[in-house]
Amino acid sequence: MIDNSIFENKKAAYFTLGCKLNFAETSSIGKLLAENGIRKARAGEIADVCIINTCSVTELADKKCRQAIRKISRRNPGSFVVVTGCYAQLKPEEIASIPDVDLVIGAQEKLNILDYIGDMKKSDSEEGKIVTSKFKDIRSFQPSCSSGDRTRYFLKVQDGCDYFCSYCTIPMARGRSRNGSVADLVKQAENVAAQGGKEIVLTGVNIGDFGKTTGETFFDLVKALDEVEGIERYRISSIEPDLLTDEIIEFVASSRRFAPHFHIPLQSGSDEVLKLMQRHYDTALFRHKIEKIKSVMPDCFIGVDVIVGVRGETEELFDETLNFIRSLDISQLHVFTYSERPGTMALKIEHTVDTKEKHRRSQAILELSEEKLKAFYNSQIGKKVKVLFEKPGKGKPMHGFTENYVRVEIQNDPSLVNQSTELILGGFNETGDSLLPA
């Protein structure tokens, strides 16, 4: 039993790096601490406990995490510093050696954080600061849902991954694939609706793999969530192309609440590189998915992930990727530069790409992404749409998104926050990243 009296009048600061899943989990940690008497520190206050939820997708992510740990420690002198997340799971000793870090907790333990904070007394022993399980023992699943000032909520429906791609450490950082039940996740969505939330993004590590622990399927979840009253929109976050079934695509096209918006990782447009990556599909399957989506949802927004400069990617194979992507009817590209990750199978591949060439390839994909996004936005001008507006940042214009993820900018009008508004799309704003009303 936790003695809540030790948490009275305590203040917590939170810092999250990485994916939407991390933000959802940090939100759940914040709710847990608040329920036990630890409130969120206000601007200018020094926190008693700092929670840093980390990412480790690349070497740069690790570096940003170390910088964040030092920065938040300086801003909150004397605070009890807790580091969790993927970096904490993969390299706990490295984090424990950073001055001022008091506790490092892994993926299995993070959502039971109160069990490990104790009396928040600092320890001099680096070994005593670490509480992590081996990745094969990461079994628990707890739904998480981010909330706050945003109109959009992020609902964690799945965690972990069984794919073991050659370049990736996520299975070691988050464990095997597991999920919540459809019934429990529907309740979470109903809670969001009761709080006035209008849009939910379904998040996870490999959400198409949903059902491993409950005997259900992702399609079962999608159909059940579509029945929840009060939610206007769902978005499906990144889903593997081999798990995005034609059945799901056709359902989204005719559903009441699922937005015409997909994010699908390609990673490479070369079949040879896909094999080196140990991906579960080829370019023919990927092309079929894009063409299927566009055949039933011509205005669908399709975002695509690409990794450049992986081991084995010769200049000729990169050109294959560039030409393949150019041929696809997609809307935007998210580009990642390959980073060596210890313990991955990719390190056995001999051919490497130097830093300068990685940068050139990244820029080429980014330029293609800008072309694709501008073309997609241009195709939407003159169309009647519903825009769900969000609370603007201080001194910033108001913006919102259409169902098919077109960013729309208008003059500030507080009455429109979290409201769906019909309008006709006009031309681009001054910065070229949004459309304006006609």
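So, in region 68-84, how many residues would count as being surrounded by fewer than 21 Cβ atoms within 10 Å (Cβ to Cβ) and under 21 Å from the mean Cα position of the chain (by Cα)?
As a first pass, look at region 68-84 and keep what is surrounded by fewer than 21 Cβ atoms within 10 Å (Cβ to Cβ): 68, 70-75, 77-78.
Still in the list and also under 21 Å from the mean Cα position of the chain (by Cα): 68.
Count: 1.
Scan region 337-376 for residues that are among the hydroxyl-bearing types (Ser, Thr, Tyr) and either surrounded by 12 or more Cβ atoms within 10 Å (Cβ to Cβ) or on the phi > 0 side of the Ramachandran plot (or both) and jot them down.
Going through region 337-376, the residues among the hydroxyl-bearing types (Ser, Thr, Tyr) turn out to be 337-339, 344, 352, 355, 362, 369.
Residues satisfying the conditions are Thr337, Tyr338, Ser339, Thr344, Thr352, Ser362, Ser369.
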Quiz item: Which number in (1) of a type outside the set (S, T, N, Q); (2) out of contact with any Gly (no Cβ under 8 Å at 6 or more places or on another chain); (3) closer than 30 Å to Lys40 by Cβ; (4) modelled with pLDDT of 90 or more marks the one condition that Cys161 misses?
Solution: (3)
Practice problem: Enumerate the pairs (first residue in region 151-175 and touching a residue at least 60 places away in the same chain (Cβ under 8 Å) and crowded, with 23+ Cβ neighbours inside 10 Å; second residue anywhere and of a type in the set (A, V, I, L, M, F, W, C) and assigned to a strand (DSSP E or B)) with beta-carbon separation below 6 Å, excluding pairs fewer than 6 apart on the same chain, so at least 6 apart or on different chains. | Solution: Phe154/Val201; Leu155/Cys145; Leu155/Ile200; Leu155/Leu202; Val157/Leu202
Quiz prompt | Breaking point among (1) more than 22 Å from Phe428 (Cα to Cα); (2) of a type in the set (Ser, Thr, Tyr); (3) surrounded by fewer than 17 Cβ atoms within 10 Å (Cβ to Cβ), for Ser379 | solution = (1)
Self-check item: Residue that is farthest from Tyr163 (Cα to Cα), among those in region 201-249 that are assigned to a loop (DSSP other than H, G, I, E, B) and within 15 Å of the chain's Cα centre (by Cα)
Solution: Ser237
Practice problem: Please identify the pairs in which a residue from region 328-340 that is assigned by TED's automatic domain parsing to the domain that holds Ser56 has its Cβ atom under 7 Å from the Cβ atom of a residue that is crowded, with 18+ Cβ neighbours inside 10 Å and among the aliphatic types (A, V, I, L, M), counting only partners at least 6 apart or on another chain. | Solution: none
Quiz item: Of all residues in region 277-292, which are among the hydrophobic types (A, V, I, L, M, F, W, C) and either part of a loop (DSSP other than H, G, I, E, B) or more than 22 Å from the chain's Cα centre (by Cα) (or both)?
Solution: Ala284, Leu285
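Take region 1-24 and flag every residue that is at pLDDT 90 or above and outside any strand (DSSP E or B). Before the answer, list the steps.
To start, the set of residues in region 1-24 that are at pLDDT 90 or above comprises 11-17.
Matches in region 1-24: Leu17 only.
Which residue out of Arg233, Arg311 is in the same structural domain as Asn206 (by TED's automatic domain parsing), among the charged types (D, E, K, R), touching a Phe, Trp or Tyr at 6+ places or on another chain (Cβ under 8 Å) and surrounded by 18 or more Cβ atoms within 10 Å (Cβ to Cβ)?
Numbers: Arg311 fails: in the same structural domain as Asn206 (by TED's automatic domain parsing).
It is Arg233.
The values are calculated or read from the model by the stated rules, or taken from the named source; none is laboratory data. Here the structure is a predicted model, which means the values were calculated and not measured. In this analysis, Cβ positions are derived from the backbone assuming ideal geometry, glycine residues included, and neighbour counts consider all displayed protein chains.
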